[in-house]
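To start, I am sharing the structure in question, which I have written as structure tokens.
The values are calculated or read from the model by the stated rules, or taken from the named source; none is laboratory data. Fair warning: this is a prediction, and the values are worked out from it, not measured in the lab. For neighbour counting, all protein chains shown are included, and Cβ atoms are generated from backbone atoms with ideal geometry for every residue, glycine included. Please note that ligands, DNA and RNA were not included when accessible areas were found on the heavy atoms of the full protein model with its side chains. Shrake-Rupley method; radii C 1.70, N 1.55, O 1.52, S 1.80 Å.
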Amino acid sequence: MEPHLSSSNTQHLLEQQPPTTTTTTKSHGKLALIPLVFLIFFEVSGGPYGEESAVGAAGPLWAILGFFIFPFIWSIPEALVTAELATAFPGNGGFVVWAHQAFGPFWGSLMGSWKFLTGVLNLASYPVLCIDYLKLVFPVFSLGVPRYIAILVSTLVLSFLNYTGLAIVGYTAVTLGIVSLSPFVVLTLVSIPKIDPSRWISLGQKGVQKDWTLFFNTLFWNLNFWDSASTLAGEVEQPQRTFPIALLSAGVLTCLGYLVPLLAATGAIPLSQEDWTDGYFAYVAEMVAGKWLKLWMEIGACLSVIGLYEAQLSSCAYQVLGMADLGFLPEFFGVRSKWFNTPWVAILVSTVIALAGCYMDFADIISSVNFLYSLGMLLEFASFLWLRRKMPSIDRPFRVPMGLPGLIIMCLIPSVFLVYVMAVATRTVYMVSFILTVLGILWYFFMKFCKSKMWLQFNSTGEKLEYED
């Protein structure tokens, strides 16, 4: 079945609204459980690559505690919200549908703008990272025209893989996940005889000042985006059953993937805190086992970046497809390939924007992405709570086992952290985020104007799902 919002288990959700139109999707293209687990894994993590900065910012003990405790106060609430809403609204669009049903089309569209900009600007960084790893082996990619050509070619090749089908992307993610995690398994096993547990309780070297902003940003960056896979719900086999299991499995894999290598690395070598920056795991591997493991880990990092790109592009493309199905975007944004049944226009749009972003300065843009993501998550938590109150009797195949007061507390704790992330932003970030938000608002009213003038053809599903008091 193709993604839609009015399947048999969502009729209660729509209550007295008229049924939506449905179309069909080839069943062999559906995502199974294991590929979905690894797509979620790459949406959130991609492996321990990048967690090194937490040690450099605050020392081993705080890093270990952070990656142990933070999933409980941040990742688990976000995953539980995703599990409940993705199974109650099993269609493409994910969080866009949730905000739409909770607060109406304006907020659904704004949620879509925030999340799409977050995703597509993240997407832009991955080809650059991939080439940064490749230049260690092929120095010709370090500067100039060869570097730009390599970024262009890698972006187009990776996007074409996404075009060939979500099932192919899913099983590619499984392979990439296993290969990119394997050097950390070896590092852990080789480190065991060398581990000194007293190194785990170090608060950091004397004279090295703690950078709490970097510490929390590292935790935040490595443990968010649990909701991104919700935009694929319409492409998943039995989403009501599969999504909760996939989220739980990906959560366990992600947490172990961070904690176990971190314990092994910090326990096996003496602390040199200032060296703990992005990419330091490869040097730890060389110190513990030799250059062969360092090279293996660098290859794994490159493959992990490919997995991150594929997962993020899938989320962006199917979000655009879902927004076209809802009538937020013109119908042609939802056109599927005749050969692979993939949303090729959405993939192309996401790729072009990401490609433009590859050649931009990311310093303030990435910080702005964090800000927009925080705004989107606050709206997502609000949508979750309001839907519990507004539609208490709809069919929820997975239901967070709490009443409304407990849910408010569950969402309040991560919301405080989101407010903190926004509060420490720079003036430039505030300005960029404000401009992008205004553009998102203007886009909504421009699309509404185009619809009223019938300049473009829109799907009528969104009109049937209009919010009612």
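So which of Leu143, Leu156 ends up being under 22 Å from the mean Cα position of the chain (by Cα) and open to solvent by 10 Å² or more (accessible area, probe 1.4 Å)?
Sole residue among the options that is under 22 Å from the mean Cα position of the chain (by Cα) and open to solvent by 10 Å² or more (accessible area, probe 1.4 Å): Leu156.
Turning to a different aspect of this structure: Between a first residue in segment 70-93 that is under 23 Å from Arg389 (Cα atoms) and touching a residue at least 24 places away in the same chain (Cβ under 8 Å) and a second residue that is open to solvent by 10 Å² or more (accessible area, probe 1.4 Å) and hydroxyl-bearing (Ser, Thr, Tyr), which pairs have beta carbons less than 7 Å apart while being 6 or more apart in sequence or on different chains?
Pairs that qualify, where the first residue is under 23 Å from Arg389 (Cα atoms) and touching a residue at least 24 places away in the same chain (Cβ under 8 Å) and the partner is open to solvent by 10 Å² or more (accessible area, probe 1.4 Å) and hydroxyl-bearing (Ser, Thr, Tyr), are Pro90/Ser7.
Right, Phe41: of a type outside the set (Asp, Glu), at negative phi and buried (at least 24 other Cβ atoms within 10 Å of the Cβ) or not?
yes
Please work out which residue is least open to solvent (accessible area, probe 1.4 Å), limiting yourself to segment 309-354 and to residues that are in a loop (DSSP other than H, G, I, E, B) and of a type in the set (D, E, K, R).
Arg336
Hey, another quick one. Among the helices (runs of 4 or more DSSP H) lying completely within segment 131-250, list those that include at least 3 residues that are among the charged types (D, E, K, R) and closer than 30 Å to Tyr420 by Cβ.
No helices (runs of 4 or more DSSP H) qualify here.
Take the conditions without any contact (Cβ under 8 Å) to a residue 24 or more places away in the chain, of a type in the set (A, V, I, L, M) and more than 19 Å from Ile353 (Cα to Cα) and apply them to Ile178. Does it pass?
yes
Only one residue in Thr213, Thr277, Thr218 is surrounded by 18 or more Cβ atoms within 10 Å (Cβ to Cβ) and out of contact with any Cys (no Cβ under 7 Å at 6 or more places or on another chain), so which one is that?
On inspection, the qualifying residue turns out to be Thr218.
Got a number for residues in segment 374-418 being surrounded by fewer than 17 Cβ atoms within 10 Å (Cβ to Cβ) and without any contact (Cβ under 8 Å) to a residue 24 or more places away in the chain?
Selection size over segment 374-418: 12.
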